[in-house]
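Just so it is clear, none of the values below were taken in a lab; they were calculated from the coordinates. Not measured: the values here are computed from a predicted model. Here the Cβ is made from the backbone with ideal geometry for all residues, glycine too, and neighbour counts use every protein chain on show.
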Amino acid sequence: MRRLGGLLAVLMVLTGSVAAPPPVTAAPQPGTSRLSVQGRWLVDEQDRKVLLHGVNNVDKQAPYVEPGDGFTVTATDAALLAGHGFNTVRLGVSFDGLMPRRGEIDHAYLDRIARTVRTLAEAGIWVLLDNHQDGLSKVWGGNGFPPWALRSRPHWWEPKLEFPLYYLLPSMNAGWDEVWNDSHGVLGYLGDALAALAERVAGDPAVLGIELLNEPWPGSAALSCFPAGCPGFDRKYQAAHERLTARIRTVAPELPVFWEPNVTWNQMMPTHLAQPPLTPPLADDRVAFSFHDYCIPSQAAIYLGLPEQLRALCPAQQEITWANADAFLGRTGIPALLTEFGDGDPEVLGATLEHADARFVGWQYWHYQSVSGSEPGTDPFTGELGKELVRTYPRATAGTPSELSFDPANGNFRYTYQADGGQAPTEIYVSDLHYPHGYEVSVTGGTVISEPGAPLVLVRAEQTGSVTVSIRGG
């Protein structure tokens, strides 16, 4: 959840030119080609590097992932998202939903998850299944771990705090210590629950992967994470992740598994996961990195009522966050996905997207709630927010990306990649919001093979070597 990063930090001390008519409003479905980890890339079945743009849909209230509950995405939402070019959803799942009673899997819940994945897949949307928690458990008014899995309980003398202040409660820190120490077998049960989920969905090519745990708190080790991260805790944390990943591998050998740094990352602390002298730094070659980018000053302005002028400090913090990501990815060489960002401020959000474009890193915006049952024509991607999020971008590249830029003010797009000689075309989604009078596309080193005005520009390289594609308003 986005607010934890910002608020806890405040409390504890993000060539030819062809004119074309306006594009249609819906993009063609890319199908459900299975994605896999290949070095630092996510690739499709045609070995193209895939870039993901999408949203979160995380229902934190039981019965969870219940289409028609006014929250969970439906076919209507899938069509709206696909029409704006989004090709991924981070769908929240919950440990206490997967295993509501000790050792018992809720197969009806698995069925609801699988059906929702299929609904999104039919619109060409890949799904990351996010094992989501905020506040550890409903024992403290949060969500995530079932009460039976933990013995810690709030002390009678503790104040009743809400998100995110409850992370400071001694009893909740004791509960997190139970998790990382595997007291009473909690990690074993979590592994069994995630394995049941993996086994249920592994055969569906639309499943991007499983994220082991959202924004994990270090428990009593939290203060050791400041001011430079906590290598001692992260060694224990990595061991837990390796164990959970190995359990998933027993039923889903090829399914990508996403690891997220402990949540002090959101307070600008680096992660010490995969830190040398570990060789190899990650034992599993199908692991990917999930991370968040939230601006502490912006969050403080929104949630604590502090002056909005504090947002001027956001660029400095975001440089630190992305430098930490660069360091981790430099030593691991694995794919990365920005799985949460955004606080509604277009300037802060735009800076995040510029950093992501510069690194060819995909993203999932926080947050999207179903529009089913809303007034006809309801579309949250309007105004300045939509102009930032709905972007022209290369969804699948037949080669290696070199340079990517998009200007949301005018729709100007430029992309350079090194073609690999494959037969599959490079696919570029053309924003349905930025070109009211159509668009012009120019290519060097390749040929446009799609129809004029198509919502996907398809480019076939003339040979191996550099290809540059430019798109601007007509």
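Net charge near Arg247, counting Lys/Arg +1 and Asp/Glu -1 over other residues with Cβ under 13 Å of its Cβ? Don't skip to the end; give the middle numbers.
On the way: positive: Arg243, Arg249; negative: Asp182, Asp192, Glu199, Glu242, Asp284.
Counting the neighbours of Arg247, the net charge comes to -3.
For segment 383-440, just the Cα atoms, rotate onto the principal axes and tell me the three extents in Å, largest first.
40, 19, 16
Rounded to the nearest 5, what is the percent of antiparallel bridges among the DSSP beta bridges in the chain?
Values: 40 of 69 bridges.
Rounded to the nearest five, the antiparallel share is 60 percent.
Nothing charged except the Cβ atoms of Lys and Arg (+1) and of Asp and Glu (-1): what's the magnitude of the dipole of the chain about its Cα centre? Round to the nearest 20 debye. Don't jump to the answer; show the numbers that get you there.
Details: 33 positive and 52 negative charges, 146 e Å.
Around 700 debye, computed over the chain.
Evaluated at 20 °C with a viscosity of 1.002 mPa s, what Stokes-Einstein diffusion coefficient in µm²/s does segment 287-361 have when Rh comes from the Kirkwood expression over alpha-carbon pairs? Don't skip to the answer; put the middle values down first.
Values: Rh = 12.9 Å.
Reported coefficient: 166 µm²/s.
Projected onto the charge dipole of segment 244-316 (+1 at Lys/Arg Cβ, -1 at Asp/Glu Cβ, origin at the Cα centre), which of Pro270, Ala288, Ala252 gives the Cα projection farthest towards the positive end?
Ala252
Considering just Cα atoms, how many Å³ per residue does the convex hull of segment 176-325 enclose? Walk me through the numbers on the way to the answer.
Numbers: hull volume 20.5 nm³, N = 150.
Cα convex hull per residue, to the nearest whole number: 137 Å³.
Just to check, using Stokes-Einstein with a Kirkwood Rh over alpha carbon pairs, what's the diffusion coefficient of segment 80-214 at 25 °C and 0.890 mPa s in µm²/s? Don't skip to the answer; put the middle values down first.
Values: Rh = 16.0 Å.
Rounded, D is 154 µm²/s.
Around Arg102, with a cut-off of 14 angstrom between Cβ atoms, what is the net charge of the other residues, counting Lys and Arg +1 and Asp and Glu -1?
Values: positive: Arg101, Arg151; negative: Asp96, Glu104, Asp106, Asp192.
After counting each charged neighbour, the total is -2.
When ranked by the protection proxy of mean other Cβ atoms within 10 Å per residue, highest first, what sequence do the peptides 143-155, 436-448 form?
Numbers: 143-155: 19.3, 436-448: 17.5.
Peptide ranking by packing, descending: 143-155, 436-448.
Along the principal axes of its C-alpha atoms, what lengths does segment 357-406 span, in descending order and rounded to whole Å?
Ordered largest first, segment 357-406 gives principal extents of 43, 20, 18 Å.
Name the residues whose placed amide hydrogens come within less than 5 Å of the amide hydrogen of Ser402, ignoring near sequence neighbours (fewer than 5 apart) on the same chain.
Thr416, Tyr417, Gln418
What shape does segment 241-338 have by the C-alpha gyration tensor, where a ≥ b ≥ c are the square roots of the eigenvalues, rounded means a/c under 1.5, and otherwise prolate means a/b greater than b/c and oblate the rest?
Cα axes put segment 241-338 in the prolate bin.
Charges on Cβ only, +1 for Lys and Arg, -1 for Asp and Glu, centred on the Cα centroid of the chain; of Gln309, Asn173, Leu110, which one is farthest towards the dipole's positive end?
Towards the positive end, the residue furthest out is Asn173.
May I have the pair-distance distribution P(r) for segment 192-242, computed from all Cα-Cα distances with 5 Å bins from 0 and rounded to whole percent?
Taking every Cα pair in segment 192-242, the percentages come to 5, 16, 22, 16, 13, 11, 10, 6, 1.
Of the listed peptides 208-218, 113-123, what is their order by residue-averaged count of other C-beta atoms within 10 Å, with the highest listed first?
Numbers: 208-218: 25.1, 113-123: 20.2.
Descending mean neighbour count gives 208-218, 113-123.
Counting pairs of Cα atoms in segment 50-158, how many percent are more than 21 Å apart?
Summing the P(r) of segment 50-158 above 21 Å gives 40 percent of all pairs.
Answer with one residue from Ala75, Gly229, His367: the one whose Cα lies farthest towards the positive end of the charge dipole of the chain, charges on Cβ with Lys, Arg +1 and Asp, Glu -1.
Selected residue: Gly229.
How would you classify segment 318-433 from its alpha-carbon gyration tensor, with a ≥ b ≥ c the square roots of the eigenvalues: rounded for a/c under 1.5, else prolate if a/b is greater than b/c, otherwise oblate? Show your work: numbers first, answer last.
Numbers: a/c = 1.90, a/b = 1.32, b/c = 1.44.
The shape class here is oblate.
About the Cα centre of segment 46-177, what is the dipole size in debye to 20, counting +1 per Lys and Arg Cβ and -1 per Asp and Glu Cβ, all else neutral?
Values: 13 positive and 15 negative charges, 37 e Å.
In debye, rounded to 20, segment 46-177 gives about 180.
For a quick check: sort Thr88, Thr382, Thr76, Thr245 by the number of other beta carbons within 10 angstrom, fewest at the front. The partial results should precede the final answer.
Working: Thr88 27, Thr382 11, Thr76 15, Thr245 22.
Fewest to most other Cβ atoms nearby, the residues stand as Thr382, Thr76, Thr245, Thr88.
As an exercise, find the ratio Rg/Rh for segment 141-226 from alpha-carbon atoms, using the Kirkwood inverse-distance average for Rh.
Numbers: Rg = 15.3 Å, Rh = 14.7 Å.
Dividing the radius of gyration by the Kirkwood radius yields 1.04.
Based on the mean of other beta carbon atoms within 10 Å per residue, what is the order of 258-266, 324-332, most packed first? Present the calculation step by step, with values, prior to reporting the outcome.
Details: 258-266: 25.7, 324-332: 17.0.
The most tightly packed comes first, giving 258-266, 324-332.
Nearest 20 debye, what's the magnitude of the dipole of segment 373-433 about its Cα centre given +1 on Lys and Arg Cβ and -1 on Asp and Glu Cβ?
Numbers: 4 positive and 9 negative charges, 36 e Å.
It works out to roughly 180 debye.
Cα centroids of segment 178-253 and segment 320-399: how far apart, whole angstrom?
24 Å
Can you give the net charge of the other residues whose Cβ lies under 12 Å from the Cβ of Ile471, counting K and R as +1 and D and E as -1?
Taking every other residue near Ile471 into account, the sum is +1.
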